[in-house]
Each structure stands twice: as C-alpha cells, then as structure tokens.
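Step one of this worksheet: look at the structure below.
Just so it is clear, none of the values below were taken in a lab; they were calculated from the coordinates. Keep in mind the model is a prediction, meaning the values are calculated, not measured. Glycine also receives a Cβ, built like all others from the backbone with ideal geometry; neighbour counts cover every protein chain displayed.
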C-alpha cells in the first residue's frame, strides 16, 4: 500500500471516529435547509388579507370568495372604507389589503380599465413580493374565468404598491447561499483544524521526521473533505428538490463541476490558515470570524451587494463565496450554461491557485 | 555517528532564552548515549536539532555524516524518533498506528518485525485498542515500536521513561540493551540520574551547557569529593544549620538524608555529627559515602553557579 493511500485511509478514520463532529457536519445542512424551507413555505400559506370592497357588487363578492378559497390566503374581513386599511396593516392584523374600486362589475363589463390596489406590508420583502405575485395570479385567473369567453383585451390590472419598504428587492432563494455557507464552514474550518490539531498534539513532529513529502501530507488531508463536501452538496440539492420543490434548472454536471471547484478553493484556504497558526483555537477563530462572517456579509445571499457602498462592493470581490454564489445561482435558479458563469469560474480558479501556492510555500518542513 | 560542534540555539524572547550554549558532542556508532539533565536543560532542543526539526543558530551538527540543515531529507530516512510527549494518533488503534508509521517509511510491519518483536509482543494483546486508551507504559512501548518499524540506524529517545512506572522503566532499559545489540546507535535523554548507569557514556547537561561527558562509572569514580551522608529526624533544621558553614562546600538534600561535601578532601566528617548534636539534633548520625552520578551532577552544578556568581 502506498504512503499516500495510507495517509488518506488514516484521515478517513479520523473523520469517521469523531462521531460528534461528523453528526454536526451532516446535520448542519439538513437543519439549515429545513429551517429555510419551512420558514418560506409556512409564511406564504394562509396570509391574512382584508378587502376594502367599495363596489359591494356581485363580481367583487365572487373575487373575494375566490381569494378566500385559495390555500395562500384567508380573508380576514371586508371593510368599507380605505382609511381603515392603515390601522389593519399597522397592527399586523392584515398582511395585505386589496382595494376594489366602486362600480367594479359595471366597469369590467363595459370593458373599461379597472385597477385593483394592493397595500402590502413590506417589512418582510420576501413575503410581500410573494403575496403580490400570488394575488396577481388569482386576479388574472378570475378575469379569465369571468370574461374569458368575451376575448377582451386585458382590461383588469393589478397595481401593487409596497408600504414601508418601497425599494423592494427581489426574492432570494436560500439554497445556493446555504451551499456556499456549508461548504465554507466544512472545508475551511475542518481542514485547517485537522492539520493544526496534528501540530498541537505532536503528530506532525513524527510525520515530519520521515521521508514523506509535504504535498502528500497536504493532499491526503484534502481528499476526504473533498468527498465529504460533494456528499453535502448532494444532500442539499436532494432536499431542496424534493422537500422544498425548488427546481434545478441548469445542467447538473456543470453544477457539480462548479461546486467541486469551490470545495477545492475552500480546502486550499483552510490549508493556508493551517500554515499560519499552531493552535486549534486560533485556527477555529480565523475560520469562523475571518472567513464565515465575510462570507455571510459579502457573499451576496444575505445582503445584496448592489446596495452596499462602493468600498464594500470592492471588498466583496475578494470573497470567494461571492463568485461561487453568483455562479451557482445562475446555474441552479436561472438555468444558465457555462458561458454565463465562466468569469466566476475563472476567478475561483485563480483564488485556488493562489491559496495552494501560499500554503505550499508556507508549509513548514520543520517545527516553527 | 553523531557530531555536534559549537552548537547554539536561542529562543526569541525578552531577554532571549539561551536553549543551547556552545555544545560539543561526539557519539560513536553503536553507542547507547545518555543525555542527563533537569527539565529545561536544553535536552529537547538538542533532540529537535539533531532530528532536523529545528535549525541551530550557530555551530554545526551532523548525523551519519549528513548536515542537519542541508541534508535533512537524507537524515529523515534513517533515524527513529520518539518525542517526549506521546505523539501517535490517539484515535487510531495500536495496529493502525504501527501500520501507518510503517507505510510512512515505505516499509511493512512484516519486514522488520524481528526488531520490534520483543517490544510489540507485550502490547499485541491490545492491538485493536485505541492508542489514547493505553496505559503510560503501553503507550511508551507502542511509540518505541513505531520509531523502530523502519529499522533506523540512529534512535532518538527524548525522555522515554518520564511518567512511566518503575517496572516499565526497568523493562524499557532492558529493551534498549537489546536494540544496542542490533547495532543501533541510541541517544536517550532522561531527568533520572539512576538511569544514567545503564548508558555506555553520559553527558551531564544544564542550562544549555554540557558539564561533563564520560562513562557513568567514571563520572562517579573521577570525583575526589569528600562526601558524608547525614541522617536526622529534623532534616530541614540540619540543612539550615549546615548550609554555608565554614569548611562545607555544599549541602544537597537526598530524599530522607543530606549529602554534605567538605571543602578539604582529607578532613574527617565525624565532627559534623558532634556539631549537630550540640546544636540540639541529638539523633544526628554521619557516614562517609562514595559520590554517585547525582552527587557529581549537583556538585558540578553548584560550583558552576558559584563560578557564575563571582
């Protein structure tokens, strides 16, 4: 058996025997996906809507009924004056108020342009935009059903208006963000800690006093975590596809290719950290504070980078997770091909080479 | 086999710590050489330089003719090293550790089994136990097996018996005797003076300096010190009374007695007993003794300290 194989085997044993850590590693993405997924699906269901029915005619009643019948909305009540809407939204009784104008059926039947006003609680942008979309669909459905046979040009329009947060940002799908975050934690934190652990416990002292070359030590550390990273990507993708019903639009092979590249980037970053510190605690602190926080803040999946001041936008460019998030978002959510992500891939590739170069140069063939 | 000349090593601190101060040492092939000194004497630093883990600041050292700085990769193929701290993988079993260290040196357990057999046989019943769950003596045997698995030409053992029970210590030195017969050069360090007598030659080391290099029996015999053992129930009072007394070179506590070195090598020490009895220690007895290695070490230490102070 070659030295390399024996190193990898040893590394796999270390991982498998540390049951608690392994449980955390595998449990973390599952918990995160369930949390995000559950939060998303729970809130859009049964949203309380109030209708300011100024028309009070047959058609408005039918529309209210249709909204109430959908699983997304519960009609909390019908009000007669728009002035009541403000209080309802402010107290949180209503998440959205729809204003049906006077002479609703009349105008519709006379092919006049009819506008429904939506007053939405914009404090939760994701929820607000989802609610708007769903309501628009229901209204369009209603129009088609009641006026469909008349083959009229679009006569009924929804005019959404966001309150409290007028510059509403689009909805983000958390799955690519979770993938970026999980890979960052596992690959950076675990590799750096596992190498520094050997230094701290003196194992490295013995390994160094042997004919084994440094790159074998480095590579053997990376391989098991590379496989673990791919397993985690698979777990996350399976869960998001079958539990959250988020379609994976792009090429699966491309998705895995980019993920594999990012895992290697993160692993080499972990190696760099392990070469500059000698204690597990410091390695953990650097990995968590120095890597995790910027990843969350500048990764693009929590806070949109376009909204940041220019210096922050510049800083965000040195965060590998940002490029990975862009690429995977394009592939998974937008369904784009390699051409769209080749720039991100190139940058990740550059980061990887840089990190590998630094860790190879800094790997100490001696103690301190 | 091992040659050290004018070797110095400093650790950066304020003020800089002198770990090794101008050390010279020659160790012959096939020798069992002991490095004897208290904690902090510089033993581990010397080991780390010789095992190519550290670079000296001044001077030169060679192992098997190779320079420890430039030819480190050649040296690493032919030496076995057992650090002072247990450095095997605690979460791997005994046999897994041994297998790992065998492949680390591109060899197999079978190839050199004859070498480790007498040692490994004792821990073989526990070969599936994790190394972290072994007792101190068994850990030490496993570490020695791992250091030997590639049949090294030189073996470096840094305080191998520290924290090990008396029986295991004795067994361990018997094992070293066996390895010596295989022609392996062994450099071993220990803070225990009683183990010094098992070595072919020893070096007394203190505060980064080598005080003396000689075969253990010679070190003891070479001393012409006039040494008297003092016994009394009130040993501490005796120590206080005798310390600094005219005509007394040094007083060294030795367990339940005192060793008193007289300045004049020809004087009869019985006057000490009479003097102590007059001072109130009526049970005080004295007898002349032959200096042991520990006595020599302590005497040299105190004289070098006095030399420094003056």
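Helix content alone sets the calculated 222 nm mean residue ellipticity of chain B: runs of n ≥ 4 DSSP H residues at -39500 (n - 2.57) each, divided across all residues, give -10000 deg cm²/dmol.
Peptide packing for B:275-285, A:307-317, A:178-188, B:70-80 was compared via the average number of neighbouring C-beta atoms within 10 Å per residue; ordered from the highest value, the list is A:178-188, B:70-80, B:275-285, A:307-317. Between B:56, B:191, B:15, the GNM of chain B built on Cα springs shorter than 10 angstrom shows B:15 fluctuating the most. The spacing between the range A:99-135 and the range B:1-71, judged by their C-alpha centroids, is 85 Å. Per-residue shielding of A:8-15, expressed as the average number of other chain Cβ atoms within 10 Å of the residue Cβ, stands at 3. Here, P(r) means the percent of Cα pairs in each 10 Å bin from 0 to the largest distance; for the range B:7-73 it is 19, 52, 26, 3, 0. Applying 1/(1 + (r/R0)^6) with r as the Cβ-Cβ distance of residue A:78 and residue B:114 and R0 = 56 angstrom yields a FRET efficiency of 0.05.
Of B:60, B:117, B:180, the residue with the greatest mean-square motion in the GNM of chain B, using alpha carbon springs below 10 Å, is B:117.
Computed from the Cα positions only, the extents of the range A:181-311 along the three principal axes stand at 52, 36, 23 Å, in decreasing order. Averaged over peptide B:97-106, the number of partner chain Cβ atoms lying within 10 Å of each residue's Cβ comes to 5.
Across all directions, the average projected area of the convex hull around the alpha carbons of the range A:62-117 is 4.3 nm². Taken over chain B, the percentage of Cα pairs per 20 Å bin, counting from 0 up to the bin with the maximum distance, is 29, 49, 20, 1. Computed from Cα positions, the angle between helix A:320-332 and the longest principal axis of chain A comes to roughly 50 degrees. Panel note: the C-alpha atoms of the range B:177-216, placed on their principal axes, show extents of 33, 18, 15 Å (largest first).
Residues of B:81-90, mean number of Cβ from any other protein chain within 10 Å of their own Cβ, rounded to a whole number?
Mean partner shielding for this stretch: 4.
Across q = 0.11, 0.16, 0.17 Å⁻¹, the range B:126-218 modelled as identical point scatterers on its alpha-carbon atoms has Debye log10 I(q)/I(0) values of -0.35, -0.73, -0.81, in the order of the q list.
Calculated on the alpha-carbon coordinates, the convex hull of chain A measures out at 172 cubic angstrom per residue. As a ratio to 2.2 N^0.38 Å, the alpha-carbon radius of gyration computed for the range B:191-254 takes the value 1.40.
In whole Å and largest first, what semi-axes does the C-alpha gyration tensor of the range B:209-310 yield when each eigenvalue is scaled by 5 and square-rooted? Spell out each step's value before the answer.
Details: eigenvalues 121, 42, 30 Å².
They are 25, 15, 12 Å, listed from largest to smallest.
Figure the gain on full extension for residue A:312 and residue A:340 (residue separation times 0.36 nm, minus the Cα-Cα span) and round it to one decimal in nm. Walk me through the numbers before you get to the answer.
On the way: separation 28, 0.36 × 28 = 10.08 nm, distance 2.43 nm.
Computed gain between residue A:312 and residue A:340 is 7.6 nm.
Restricted to Cα atoms, the protein assembly as shown shows a radius of gyration and a Dmax of 39.2, 136 angstrom.
Springs join every pair of Cα atoms under 10 Å in this Gaussian network model of chain B, and among B:234, B:139, B:153 the largest mean-square fluctuation is at B:234.
Taking the C-alpha atoms only, the angle from helix A:191-200 to the longest principal axis of chain A is near 30 degrees.
Going by neighbour counts of Cβ atoms within 10 Å, the residues A:100, B:55 line up, fewest first, as B:55, A:100. Site pair residue A:201 and residue B:279 shows an inter-label distance of 5.4 nm when each label is modelled 7 Å from Cα along Cα→Cβ. Summarising the overall dimensions of the range A:277-353 from its C-alpha atoms, the Rg and Dmax are 14.2, 44 angstrom.
Calculate how many DSSP beta bridges within the protein assembly as shown are antiparallel, expressed in % of all such bridges and rounded to the nearest 5.
Working: 40 of 76 bridges.
In the protein assembly as shown, approximately 55 percent of DSSP beta bridges are antiparallel ones.
Diffusion coefficient (Stokes-Einstein, Kirkwood radius over C-alpha pairs, 4 °C, 1.567 mPa s) for the range B:231-278: 118 µm²/s, rounded to a whole number. Once you treat every alpha carbon in the range A:310-368 as an equal point and sum by Debye, what is log10 I(q)/I(0) at q = 0.21, 0.24 Å⁻¹? Log-scaled intensity ratios, in q order: -0.84, -0.96.
Could you line up B:217, A:215, B:150 from fewest to most neighbouring Cβ atoms inside 10 Å? Could you put the intermediate results ahead of the total?
On the way: B:217 10, A:215 13, B:150 23.
Listing B:217, A:215, B:150 from fewest to most nearby Cβ atoms yields B:217, A:215, B:150.
Quick check for you: which residues of the range B:18-52 have the amide N under 17 Å from the point 7 Å beyond the Cα of residue B:200 toward its beta carbon? Answer for this model: B:25-36. Across all Cα pairs in the range B:1-157, the calculated P(r) in 5 Å bins from zero up to the longest distance comes to 2, 9, 17, 19, 17, 14, 12, 8, 3, 1, 0 percent per bin. Global dimensions of the range B:83-181 from alpha-carbon coordinates: Rg and Dmax equal 12.3, 35 Å. Semi-axis lengths, largest first, of the ellipsoid equivalent to the range A:31-148 are 27, 17, 11 Å, with √(5λ) applied to each eigenvalue of the Cα gyration tensor. Expressed in units of 2.2 N^0.38 Å, where N is the residue count, the Cα radius of gyration of the range B:62-127 is 1.31.
Just the Kirkwood number for the range A:200-274, please: inverse of mean 1/r across all distinct Cα pairs, in Å, one decimal. By the Kirkwood definition, the hydrodynamic radius is 14.7 Å.
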